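To start, the structure itself, in structure tokens.
The values are calculated or read from the model by the stated rules, or taken from the named source; none is laboratory data. Being a predicted model, the structure only gives us computed values, none of them experimental. So basically every Cβ, Gly included, is an ideal-geometry build from the backbone, and we count neighbours across all protein chains shown.
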């Protein structure tokens, strides 16, 4: 079983309908908490198990309520509506009775959608993975703060890593190649993690430090092809102590497989 | 009282905590249902009334579950967490016991945020309102289908209305000036309506017809200045029968006051 599947593994509660229990692994920590994308995937797996013939999160929003810690976690799901093409539900992820994450999502079957694609979006231009900057080159302090980096084969575009050398571009853009270090192939659930896997885009604005997510919404638009993903994180508007972070995820076939936006608190 | 305030007026239920009742007005219809932005504002007002010192929706997501009709509507709110700077809650908008809209949102006080703005986003370039195309020039069939247009002083950029003459640009972009016809000034709640006020951006892809919203998320980033708003709707990815529609709303001071994204079903 892959690290990601183990990290989001759930056991259905025998008595309480819609409840699932699992364990948040220490290997998914970042900055003292558990990565927000992993938490979203954890809750999303529970909803997927309840969604019957609609297994994929087409659009999912999570609001982060308190910092998660490694250890047991419970997801309580509630299916709000079962429609012909969509199932909508909510999920509450809690630890020791304290709510960590509240989720609202609509699920569908990406495999059943027709194949038409009219897109003006273009995949980002970046050098091939072997010419990008691997995690092994990240500052030691950063790796120490971000255990989850060991699970990623993440290669950042050299054009967007000036911040690591004290020369942020100030453009608010970080992009790179992503795959799981253990070879697990991407799927719709994993894209929820990938949408929050890159360093905060505020690094590129010259603002190092922790940027806690308030809310993260991901649209999963297609089942990704096996292989590398290209991920672009960008922000255009940092104001009043908050910023938006948009992510686009492209698969190896050049398809835009997910779009996400989060509202986050700017580093102090 | 303005049309918008009347259209989102709520009465607190005397016995049931967190419940509000109101009336969805026939004047907010579009394509046989009530406009999704108005519904979001209707539910958001209820949450605002429950959010105490955090009156503004900083980030709000709504999932549309069934078509709303003019008539009585009930919003049941549930505050999930009251924090120092944010209050998170859910709302259920229903009619005759049938759920129409499920909302998850985090509220704050935009007036209390510090004034720093680092933005690379630029307001859209478009001719002044008097050189744009008013609703009075819209095709009659369109006005008949969209009662709510009478409540808007909406002036579309001539460069993005080719679709009305059978010449869609295929760029997937519609932009224009917005204000309420009755002179009501914009505020954070009204921005939720404005985010869904323009014609579907699929018109500009040469796809006329109804594009039902699955989910709409709005980030309100600042209290808008009085006067005109500039609104840009754009899509980049129509695939498998769904498309995303991003909106940006700029106020008269040139400030990006809201960013939104919806997932919608493409017209057949």
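Being in contact (Cβ under 8 Å) with a residue 24 or more places away in the chain and under 17 Å from residue B:209 (Cβ atoms) is true for just one of B:168, B:129. Which residue is that?
Working: B:129 fails: under 17 Å from residue B:209 (Cβ atoms).
On inspection, the qualifying residue turns out to be B:168.
So, of the residues in the range B:26-52 that are in a loop (DSSP other than H, G, I, E, B) and modelled with pLDDT of 95 or more, which turns out to be nearest to the chain's Cα centre (by Cα)? Among those that are in a loop (DSSP other than H, G, I, E, B) and modelled with pLDDT of 95 or more, it is B:35. Residue count for the range A:51-68 satisfying the condition of being crowded, with 17+ Cβ neighbours inside 10 Å and closer than 24 Å to residue B:82 by Cα: 7.
Does residue B:147 satisfy the criteria of being at pLDDT below 90, closer than 27 Å to residue B:68 by Cα and in contact with a helix residue (DSSP H, G or I) (Cβ under 7 Å, 6 or more places away or on another chain)? So residue B:147 passes the test.
Does residue B:94 satisfy the condition of being touching a residue at least 24 places away in the same chain (Cβ under 8 Å), within 22 Å of the chain's Cα centre (by Cα) and more than 9 Å from chain A (Cβ to nearest Cβ)?
Values: touching a residue at least 24 places away in the same chain (Cβ under 8 Å): no; within 22 Å of the chain's Cα centre (by Cα): yes; more than 9 Å from chain A (Cβ to nearest Cβ): yes.
In short, no.
Across the range A:108-126, the qualifying residues are those that are touching a residue at least 24 places away in the same chain (Cβ under 8 Å) and away from every other protein chain (no Cβ under 11 Å), and the one among them that is surrounded by the fewest Cβ atoms within 10 Å (Cβ to Cβ) is A:123.
Of all residues being more than 14 Å from the chain's Cα centre (by Cα) and surrounded by fewer than 21 Cβ atoms within 10 Å (Cβ to Cβ) in the range B:243-265, which is nearest to residue A:260 (Cα to Cα)? Just the residue, please. Within the range B:243-265, the match that is nearest to residue A:260 (Cα to Cα) is B:265. Inspect the range B:155-168 for any residue being closer than 30 Å to residue B:86 by Cβ, out of contact with any strand residue (DSSP E or B) (no Cβ under 6 Å at 6 or more places or on another chain) and surrounded by 15 or more Cβ atoms within 10 Å (Cβ to Cβ) and give the result as yes or no. No, the range B:155-168 contains no residue that is closer than 30 Å to residue B:86 by Cβ, out of contact with any strand residue (DSSP E or B) (no Cβ under 6 Å at 6 or more places or on another chain) and surrounded by 15 or more Cβ atoms within 10 Å (Cβ to Cβ).
Could you tell me which of the residues A:106, A:2 is in contact with a strand residue (DSSP E or B) (Cβ under 9 Å, 6 or more places away or on another chain) and more than 23 Å from residue B:63 (Cα to Cα)? Lay out the reasoning, then the answer.
On the way: A:106 fails: more than 23 Å from residue B:63 (Cα to Cα).
After ruling out the rest, the residue left standing is A:2.
Quick check on residue A:135: is it touching a strand residue (DSSP E or B) at 6+ places or on another chain (Cβ under 6 Å) and surrounded by fewer than 18 Cβ atoms within 10 Å (Cβ to Cβ)?
Working: touching a strand residue (DSSP E or B) at 6+ places or on another chain (Cβ under 6 Å): yes; surrounded by fewer than 18 Cβ atoms within 10 Å (Cβ to Cβ): no.
It is false that residue A:135 is touching a strand residue (DSSP E or B) at 6+ places or on another chain (Cβ under 6 Å) and surrounded by fewer than 18 Cβ atoms within 10 Å (Cβ to Cβ).
Determine if the range A:14-26 includes at least one residue that is farther than 25 Å from residue A:109 by Cα and without any contact (Cβ under 8 Å) to a residue 24 or more places away in the chain. Within the range A:14-26, one or more residues are farther than 25 Å from residue A:109 by Cα and without any contact (Cβ under 8 Å) to a residue 24 or more places away in the chain. One residue stands out among those in the range B:72-89 that are buried (at least 19 other Cβ atoms within 10 Å of the Cβ) and without any contact (Cβ under 8 Å) to a residue 40 or more places away in the chain: the one that is nearest to the other protein chains (Cβ to nearest Cβ), which is B:88.
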